[in-house]
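A.B. asks: Below: one structure in structure tokens.
The values are calculated or read from the model by the stated rules, or taken from the named source; none is laboratory data. Treat the numbers as computed from the prediction; the structure is a model and nothing was measured. In this analysis, Cβ positions are derived from the backbone assuming ideal geometry, glycine residues included, and neighbour counts consider all displayed protein chains.
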Amino acid sequence: MSKRKLAVLAAATAAVLLAGCETTSMKMGSPDAKTVATGSAAGAATSGESGQLEKCASPLGTVSLVENQDAGWYTILRNEYRLPPTANLLRLLVQQSNCFVVVERGGAGMRAMSRERELMQSGEMRGGSNFGRGQMVASDYGMSPEIVFSADDAGGVGGLLGGLIGGGRGRAVAAIGGSMQTRQASALLTLVDNRSGVQVAASEGSASKTDMNLFGGLAGGRAGAGLGGYTNTPQGKVIAAAFMDAFNQMVRSLRNYRAQSVQGQGLGGGGRLGVDGGAAPSQTYTPQNAPQKTPARKK
């Protein structure tokens with residue numbers, strides 16, 4: 001490459017790097033900062049929700065979010081990805097869908113409600129503050145989230161192409177390919193009836209996204225990290241999309257929901273898979289069906 005071409009390339013690269021240092025005005029509602037869980041919900045009214053979210057004509061019941069914070073996936077979510085609990089994300093999606101009415105059962109929320117009732121009982125609240133007994137709404141269902149799989153794949157294609165091409169051009173292709181990163185996530189949702197303990201629905205969702213941090217691959221990691229326009233999409237956005245996909249799958253099944261039934265004794269009555277060596281589950285002990293003793297022979 002001639003010196004003139006090198007000078008032009010250097011000038012263009014410098015202009016791009018300097019552009020990354022430009023200070024821009026605050027952008028409220030910037031699409032670059034959003035996930036698929038966007039907009040708002042107030043009762044049955046919504047605003048700015050994703051057009052990909054499945055909806056219901058009317059709620060199917062009340063639901064609470066049950067998040068197992070002792071699970072391995074939650075530890076990775078909190079410590080490795082530095083992401084907040086999934087409950088608030090799902091709360092927004094569920095309320096916007098109008099498929100369930102969300103009720104509070106989280107630790108912080110329950111403590112806040114208990115605190116108000118304690119103040120009421122202490123006599124410190126003004127008259128008419130009605131925080132008496134019998135006002136909390138029951139949770140018909142419990143929805144449990146879980147992240148099944150989450151991974152990053154950096155630069156595999158670029159490295160392969162660079163090796164095939166070889167030389168200086170191969171190194172350049174490898175640098176560009178090395179800036180390509182595919183983020184993947186798979187999420188699982190289960191819905192349990194709180195009265196019977198029966199699981200009524202389960203679904204899986206997934207999402208992936210490939211980003212190209214072009215200038216980060218060419219100029220090095222530190223230089224690329226300062227360029228907001230080409231930095232990698234946060235893993236949280238992919239996880240949010242995976243949960244929306246799982247929730248959409250669940251809603252599609254719930255629209256055609258039919259309760260499972262067990263013939264004979266019904267749910268919990270013993271089942272149809274008999275076990276040898278004992279009385280049938282449906283058999284009731286009475287004196288008439290008790291084992292009869294053989295009379296002893298007279299000597």
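A.B. asks: Give segment 211-258 a look and list any residue that's modelled with pLDDT of 50 or more, among the aromatic types (Phe, Trp, Tyr) and either in a helix (DSSP H, G or I) or crowded, with 20+ Cβ neighbours inside 10 Å (or both), or say none.
C.D. replies: PHE243, PHE247, listed by residue number.
A.B. asks: Just to verify a result, which residue in segment 107-135, among those that are more than 32 Å from the chain's Cα centre (by Cα) and surrounded by 10 or more Cβ atoms within 10 Å (Cβ to Cβ), is farthest from SER64 (Cα to Cα)?
C.D. replies: MET125
A.B. asks: Failed condition for VAL148, given (1) modelled with pLDDT under 85; (2) β-branched (Val, Ile, Thr); (3) buried (at least 17 other Cβ atoms within 10 Å of the Cβ), with all others met?
C.D. replies: Only one criterion in (1) modelled with pLDDT under 85; (2) β-branched (Val, Ile, Thr); (3) buried (at least 17 other Cβ atoms within 10 Å of the Cβ) is unmet by VAL148, namely (3).
A.B. asks: Please specify each residue of segment 41-66 satisfying the condition of being within 18 Å of MET110 (Cβ to Cβ) and surrounded by 16 or more Cβ atoms within 10 Å (Cβ to Cβ).
C.D. replies: Step one: filter segment 41-66 for residues within 18 Å of MET110 (Cβ to Cβ), giving 62-66.
Correct list: VAL63, SER64, LEU65, VAL66.
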